[in-house]
1. How much accessible surface area, in Å² rounded to 10, belongs to the heavy atoms of residue 40 with a 1.4 Å probe?
2. Using a 1.4 Å probe on the protein heavy atoms only, what accessible surface does residue 36 show? Give it in Å² to the nearest 10.
3. Would you list 131, 124 from the most to the least accessible area, probe 1.4 Å?
4. On the full set of protein chains, 1.4 Å probe, figure out the accessible area of residue 5 and give it in Å² to the nearest 10.
5. Take the alpha carbon gyration tensor of segment 1-150, find the square roots of its eigenvalues, order them as a ≥ b ≥ c, and report rounded if a/c is under 1.5; if not, report prolate when a/b exceeds b/c, else oblate.
6. On average, how much accessible surface per residue is there in segment 1-97, in Å², for a 1.4 Å probe, leaving out ligands, DNA and RNA?
7. Can you give the local net charge around residue 108? Use residues other than it whose beta-carbon is closer than 13 angstrom to its beta-carbon, Lys and Arg +1, Asp and Glu -1.
Amino acid sequence: MSDLVKQLQNSFRQEGITGQLSGCNVLLPVRPELSDLLDRACFGRQISTSDRDIGWFQLGPEEAFYLAHALSCLKISDASGGQLMDAEQLLKHIRSSRETFPDLYMAYAHLRSKNWVVRSGIQYGVDFVAYRHHPALVHSEYAVLVLGEAASSGDMSLCPRLREWADLQGTLRVCGSVAKALLVITIKRNDPPGVPFLPLCMEQSFIEERLMTRWIPRQQRDSSSQALSSQVTAD
């Protein structure tokens with residue numbers, strides 16, 4: 001997957017691809033060759049149109065910011081298409097509608113840097129799902145929940161999930177029913193208080209991963225009994 005992302009990065013830079021804001025998403029006009037490359041690298045979703053010469057892709061905010069900021073291969077204009085936006089302007093625009101976007105983006109970029117394919121996890125009640133390979137080839141292995149600085153410091157006003165054990169148990173039950181492990185990513189930001197959050201602050205943040213599993217007493221007893229039996233037999 002990393003080779004495909006590098007190929008996409010080089011192609012975007014060579015052609016000077018520019019996307020246009022549409023709410024928090026970005027619309028991207030590309031040639032059929034790049035459309036195929038976007039699909040194989042697992043960025044965005046294709047929009048069906050009658051135009052055979054140009055394909056349209058819709059990038060989510062995390063995908064668009066990753067291509068523009070982390071890979072520096074995509075230019076993004078405002079909704080009118082008249083003015084290019086730098087990383088700081090784009091971040092401010094998306095945060096005006098999604099306050100938790102910096103945390104979600106940092107979790108997305110973190111997983112992408114490890115060569116995971118990251119897609120929306122809204123259908124499972126989580127932020128993302130992570131695939132080892134292309135979604136057409138395998139099922140996702142992880143359901144990903146992102147907890148921001150507010151959650152890790154005890155202020156749950158910006159993160160209403162996992163407030164109680166019942167929330168965690170319910171999420172684990174859903175993940176278990178669809179054969180996914182729950183990965184909780186906590187973002188701890190180090191930006192100075194009172195200073196507007198800037199893209200540079202992302203590189204100064206700390207990211208913690210926790211793999212959550214559901215403890216089932218009966219299965220635990222069975223496993224313990226088998227281990228004890230094997231030990232007695234060996235003795």
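The values are calculated or read from the model by the stated rules, or taken from the named source; none is laboratory data. This structure is a prediction, so every number in the text was calculated from the model and none was measured. Cβ: placed from backbone, ideal geometry, glycine included. Neighbour counts: every protein chain shown. Keep in mind that these areas ignore ligands, DNA and RNA; they rest on the heavy atoms of the full protein, side chains included. Shrake-Rupley method; radii C 1.70, N 1.55, O 1.52, S 1.80 Å.
1. 90
2. Using a 1.4 Å probe on the heavy atoms, I get roughly 80 Å².
3. If we order 131, 124 from most to least accessible, we get 124, 131.
4. Here the accessible area works out near 20 Å².
5. oblate
6. 52
7. Summing Lys and Arg as +1 and Asp and Glu as -1 gives 0.
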